[in-house]
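To start, the structure under review is shown below, and the notes come after it.
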Amino acid sequence: MQLVIGNKNYSSWSMRPWVLMTHFGLPFEEVKVRFDSFEAGSEFKRRLGALTPAGRVPVLVDGDLSIWDSLAISEYLAEKFPGAALWPRDARRRARARSVVAEMHSGFGAMRTHFGMNIEARLPEVGARVLVTEPAVRADVERVLALWEDALGDSGGPFLFGGFSIADAFFAPVVTRLRTYGIPASATAAAYMERVLASPGVAAWVRDALEEKDFRDFEEGYRTAR
Ligand SMILES: N[C@@H](CCC(=O)N[C@@H](CS)C(=O)NCC(=O)O)C(=O)O
């Protein structure tokens, strides 16, 4: 299988299936398509166009099958590797895990807009300001933190639904965002963030992102240089 991804410092959607596959040791070759711009006719769109009509990363290529969208990829992998427990084994936990993943996948627009993923950056002054000026971002952050505390309280941890699952892979980019923007978290949420950052797939992605050193100005809402 090939997993087609974007820049590791910025591509939060690419991060999810890459982290999942790396964490569970699923075999894949990484194909990186550098963000050059998302204009029609850009090299990014030209390369993606051959693989997906949506023109976005991530894409999983398995033989003659192309799967785009992080959630569709995760579901495909869960079916292809049933022994790996990508979703929790317990049906009730699995249903809750699917609920929070769907919530992440389709929601938190304000947080995504104002707190773009930028793993190498440290922007706590931006975070503090945005929490005051953008109530919708504050509401998104509060919802994420409450969701983590509820899930961890129910499961007992160490990850949202016990063992590391698709749910943790989906919230891993949020963990990096809260760190980048210096967002205060409860002791429970902060400890969860540390566990996520220390988990093998996330740690490997963050290490690669820090080595990338590829400043893309159109991805930078708050910096003019590294
Ligand atoms: N819902 C999609 C979102 C994918 C997405 O928006 N990817 C971004 C990079 S993180 C992208 O390729 N953007 C290109 C564009 O907006 O044209 C998924 O879950 O995979």
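The values are calculated or read from the model by the stated rules, or taken from the named source; none is laboratory data. These figures come from a predicted structure and were not determined experimentally. Ideal geometry is used to build each Cβ from the backbone, glycine not excepted, and the neighbour counts take in all protein chains shown. For the accessible areas, the whole protein counts, side chains as well, though only heavy atoms, and no ligand, DNA or RNA atoms are used. Shrake-Rupley method; radii C 1.70, N 1.55, O 1.52, S 1.80 Å.
Keeping to region 192-226, report how many residues are assigned to a helix (DSSP H, G or I) and either of a type in the set (G, A, S) or in contact (Cβ under 8 Å) with a residue 40 or more places away in the chain (or both). Residues flagged as assigned to a helix (DSSP H, G or I) and either of a type in the set (G, A, S) or in contact (Cβ under 8 Å) with a residue 40 or more places away in the chain (or both) within region 192-226 amount to 15.
Taking the criterion of being crowded, with 20+ Cβ neighbours inside 10 Å, of a type in the set (S, T, N, Q) and within 20 Å of the chain's Cα centre (by Cα), would at least one residue in region 70-78 satisfy it? Looking for residues that are crowded, with 20+ Cβ neighbours inside 10 Å, of a type in the set (S, T, N, Q) and within 20 Å of the chain's Cα centre (by Cα), one finds at least one in region 70-78, hence yes.
The residue that is least open to solvent (accessible area, probe 1.4 Å), counting only those in region 14-40 that are closer than 16 Å to F218 by Cβ and near the ligand (Cβ under 8 Å from one of its atoms), is F35.
Note on region 130-143: residues that are in contact with a helix residue (DSSP H, G or I) (Cβ under 6 Å, 6 or more places away or on another chain) and under 12 Å from E103 (Cβ atoms) total 1.
Residues that are within 17 Å of R112 (Cα to Cα) and either open to solvent by 20 Å² or more (accessible area, probe 1.4 Å) or touching a strand residue (DSSP E or B) at 6+ places or on another chain (Cβ under 8 Å) (or both) within region 135-155 comprise P135, A136, R138, A139, D140, E142, R143, L145, listed in sequence order. With the condition kept exactly as written, say whether any residue in region 202-211 is among the β-branched types (V, I, T), modelled with pLDDT of 95 or more and under 30 Å from F81 (Cα atoms). Yes, because at least one residue in region 202-211 is among the β-branched types (V, I, T), modelled with pLDDT of 95 or more and under 30 Å from F81 (Cα atoms). Suppose we keep only residues that are of a type in the set (V, I, T) and within 16 Å of the ligand (Cβ to nearest atom) within region 116-174. Which one would you say is nearest to A91 (Cα to Cα)? If we take residues in region 116-174 being of a type in the set (V, I, T) and within 16 Å of the ligand (Cβ to nearest atom), then I166 is nearest to A91 (Cα to Cα).
Checking each residue in region 53-87 for being more than 19 Å from H23 (Cβ to Cβ), assigned to a strand (DSSP E or B) and away from the ligand (no atom under 13 Å from the Cβ) picks out V61, L65. Is region 61-69 home to any residue that is open to solvent by less than 30 Å² (accessible area, probe 1.4 Å), free of Cβ contacts under 8 Å to residues at least 12 places away in the same chain and more than 25 Å from Y222 (Cβ to Cβ)? Yes - at least one qualifying residue is present in region 61-69.
Checking A169, A189, A121, A185 one by one, the residue that is in contact (Cβ under 8 Å) with a residue 40 or more places away in the chain, farther than 19 Å from E75 by Cα, touching a Leu at 6+ places or on another chain (Cβ under 7 Å) and open to solvent by less than 20 Å² (accessible area, probe 1.4 Å) is A189 and no other. P158 fulfils the conditions (1) over 28 Å from G6 (Cα atoms); (2) open to solvent by 20 Å² or more (accessible area, probe 1.4 Å); (3) touching a residue at least 60 places away in the same chain (Cβ under 8 Å) except for a single criterion, (3).
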